[in-house]
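The values are calculated or read from the model by the stated rules, or taken from the named source; none is laboratory data. Quantities reported herein were computed from a predicted structural model and do not represent experimental measurements. FYI the Cβ positions are ideal-geometry reconstructions off the backbone, even for glycines, and counts take in every protein chain you see. With ligands, DNA and RNA removed, areas are computed over all heavy atoms of the protein, side chains included. Shrake-Rupley method; radii C 1.70, N 1.55, O 1.52, S 1.80 Å.
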Amino acid sequence: RAVRVAARRAEAVSTASECIARELGVPDAQTIHPGVDLDRFVPVPPPDGPPELLVLGAIEPWKRPELALEAAALAARERPELRLRFVGAPIGPAGERLLAQLEERAALPDLAGRVEFAGPLDAAEALARAHCLLHCAEREPFGMVIAEALAAARPAVAPAAFGPIEIVDASCGRLYEPGNPEAAARAVLEALDNAEELGKAGRKRAEQNFDAQETRATYADLVRTLTPTPDTRHPTPDLTLVTVTHNSAVHLPKLLASVRQHLPNTRVLVVDSGSTDDSASVARIAGADVIELGENVGFGRASNAGVAAVKEAVTVLVNPDVELLDGSLAALAADVRDDQLLAPLVLSPDGSRQDTAQAEPGGAAALAIALVPPAAMPGRIRHAAAPWTYEHPRHVGWAVGCCIVGRTHTLRELGPFDERTFMYGEDLDLCLRAADAGIETWFRPDARVLHHAAHSSEQAFGGEPFELLARRRRAVIGERRGRGRALVDHLLQALTFADRIALKTLTRRPTARERAQLRALGQASAEEPPE
């Protein structure tokens, strides 16, 4: 039921077979059959010797391997030299019990000496020594081993239902009535009598329909239809990307390469804040403009130096460990107004959303998150409490500064950053000051970047500096929103971490990170926010 609901809500649905699409009830699903590495399955003529019937796959009750024994016993009446080989391992207790039953049946006189249980082996090797594949699962969603058999030039005998009928036809194998051992035996004998001819046709069918390279290309085409593209009305936006480096030579090349790929001819300005590695030279080799400050002056001062040197109308402040996934920042550069700061959707390397768009600190949204994780909230409440989960542009309280887009003169008027701060809290302070000046921060999920979150600052601190983060957050909120709001936010943060510790303990998940965050809040609470 959950998959059906998800499929109805999805922008696009891809299924491994047409029968899956029918089961889901999604008539417009695109079927992309799983592909086979054709180079791995080398087509060779059937080997000399007694004909070997292969059952390939896990030993599972739903795959009906007992039917293969009965079919082999019946076929052996006409082909006494027939051998049956099982390649695959049992799964779990049910599989172990089934294997014992199969071995017991195979020891009976009509099969004794002709059945082998080989265990898990390489599929290509198993198919190379076989003469025919026998598949018995009555409700197989696709049947990857059947496609592999065709690639190996081996005829496939399979039930005439569900996925197999999309793989096998009369040119390359035989289909039989599901669950009928007599029909399976007749199909096996026909396939063995024409094994070489059927095998050659099967290889050709695999090359035409089940090539892994073609599968990948088709799937990539589907993904591209869902990928945001920049507004073509603004093909060359008037913007500069500004990034601050401090020992960022490892991460910087990905950012610079992604800009060249997705926003060619866009200026990148790298402000190096006292790096002791090759950050500056890496930037120059990649064609970026470089400002070397000669010492580590902090993120805020370095960013301000970069914005001061921008000549273009729009500035994108971006971390060096960010990577562009497409040209969607161009649309933000074209759309941003004088009274706005725009923040794109930020993704982690695993594809999950980072919580970079936030509500005003210390408000009802923070209370909701403290009590219930956003993933467990109903949709509308989740979007209100956790703006980064929203699917459409929306006004937010503040945005994490790994990627912020603004008109250059707007950023200059704001600072953009408070140079009294050496590290952390600059983005929160910027957005709160901007709001006080009538400049709104907007979350724009139609644009996206990838954030590797590999800051050199974390390397310098030997991990995440939770205490410094807590002190800076409390200080910024105290200065911009008052001591009362800072205290409320502090307590809500503590409640959030305590709640997560309790939930993770109940579900036997690690709590070390949340415990460290809670301790850091306690250590930071001794410091009062400034007047």
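A few remarks follow.
- Local net charge near LEU371, Cβ-Cβ under 14 Å (Lys/Arg +1, Asp/Glu -1): +1
- If R0 is taken as 25 Å, the Cβ-Cβ distance between GLU66 and ASP28 corresponds to a FRET efficiency of 0.05.
- CD proxy at 222 nm, helix term only [per DSSP H run n ≥ 4: -39500 (n - 2.57); per residue of the chain; nearest 500]: -12500 deg cm²/dmol
- Probe 1.4 Å, accessible area per residue of the chain, Å²: 47
- Whole-number D in µm² s⁻¹ for segment 36-101, Kirkwood Cα-pair radius fed into Stokes-Einstein, 25 °C, 0.890 mPa s: 178
- Among complete DSSP H helices in the chain, none has alpha-carbon atoms stretching at least 24 Å along the helix's long axis together with a mean Kyte-Doolittle hydropathy reaching 1.6.
- Within straight-line cross-link reach of LYS504, aspartates and glutamates at Cα separation under 13 Å, skipping those fewer than 8 residues along the same chain: GLU514
- Label selected from (1) 1.13; (2) 1.05; (3) 1.02, the criterion being Rg/Rh (Cα atoms, Kirkwood Rh) as computed here: (1)
- Other residues within the sphere of radius under 12 Å centred on the Cβ of CYS403, judged by their own Cβ, net out at -1 (K and R +1, D and E -1).
- Packing-based order for 31-41, 500-510, using average beta carbon neighbours within 10 Å, highest first: 31-41, 500-510
- Counting charges near GLY362 (Lys, Arg +1; Asp, Glu -1) among other residues having Cβ under 9 Å from its Cβ returns a value of 0.
- FRET efficiency, 1/(1 + (r/R0)^6) with R0 56 Å, evaluated for ILE91 and ARG260 via beta carbons: 0.70
- The chain - percent of accessible surface contributed by carbon and sulfur, probe 1.4 Å: 52
- Segment 1-78 - Rg (one decimal) and Dmax (whole number), Cα, Å: 19.2, 55
- Kirkwood hydrodynamic radius computed over segment 43-202 comes to 15.1 Å, based on all pairs of distinct alpha carbons.
- Estimated D of segment 86-175 in µm² per second, where Rh is the Kirkwood radius over Cα pairs and Stokes-Einstein applies at 10 °C, 1.306 mPa s: 111
- Value of relative contact order over segment 265-344, rounded to a whole percent, pairs C-alpha under 8 Å and six or more apart: 24
- Restricting the calculation to Cα atoms, every distinct pair contributes to the Kirkwood radius of segment 304-379, found to be 15.6 Å.
- For segment 239-316, the square roots a ≥ b ≥ c of the C-alpha gyration tensor eigenvalues yield an a/c of 1.5 or more together with a/b not exceeding b/c, which makes the shape oblate.
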